[in-house]
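The values are calculated or read from the model by the stated rules, or taken from the named source; none is laboratory data. Just so you know, these numbers come straight off a predicted model, no measurement behind them. Counting neighbours? That spans all protein chains shown, and the Cβs are built from the backbone with ideal geometry, glycine included. Note: areas computed on protein heavy atoms with side chains; ligands, DNA, RNA excluded. Shrake-Rupley method; radii C 1.70, N 1.55, O 1.52, S 1.80 Å.
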Amino acid sequence: MSNSITEVQIAKFALSRIGGENIESFDPPEDSIESHKVALFYHHCRREILELVDWSFARKRLTLALSESPP
């Protein structure tokens with residue numbers, strides 16, 4: 001059994017915090033206002049939240065070589 005949380009479960013947690021109706025899917029959206037709103041905002045908000053943290057495992061380090069002439 002997997003312990004991973006799905007996107008729909010995250011959306012359900014958020015909707016329960018604001019008193020919204022429960023959804024079963026938002027990709028594609030169900031025929032509900034909540035499902036359409038989650039579909040509209042979920043991926044954008046997820047990307048913004050992930051960009052707020054300096055994830056050390058997600059950095060790529062390179063050693064740059066000196067060049068005699070500018071590119």
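Annotations for the structure displayed:
- Qualifying residue in segment 28-39 (condition: within 13 Å of the chain's Cα centre (by Cα) and part of a helix (DSSP H, G or I)): yes
- Checking each residue in segment 40-71 for being aromatic (Phe, Trp, Tyr) and either part of a helix (DSSP H, G or I) or under 17 Å from ILE10 (Cα atoms) (or both) picks out PHE41, TYR42, PHE57.
- All positions within segment 1-20 that are closer than 16 Å to HIS44 by Cα and not aliphatic (A, V, I, L, M): GLU7
- Residue ID - least open to solvent (accessible area, probe 1.4 Å), chosen from residues in segment 11-55 that are β-branched (Val, Ile, Thr) and touching a helix residue (DSSP H, G or I) at 6+ places or on another chain (Cβ under 8 Å): ILE23
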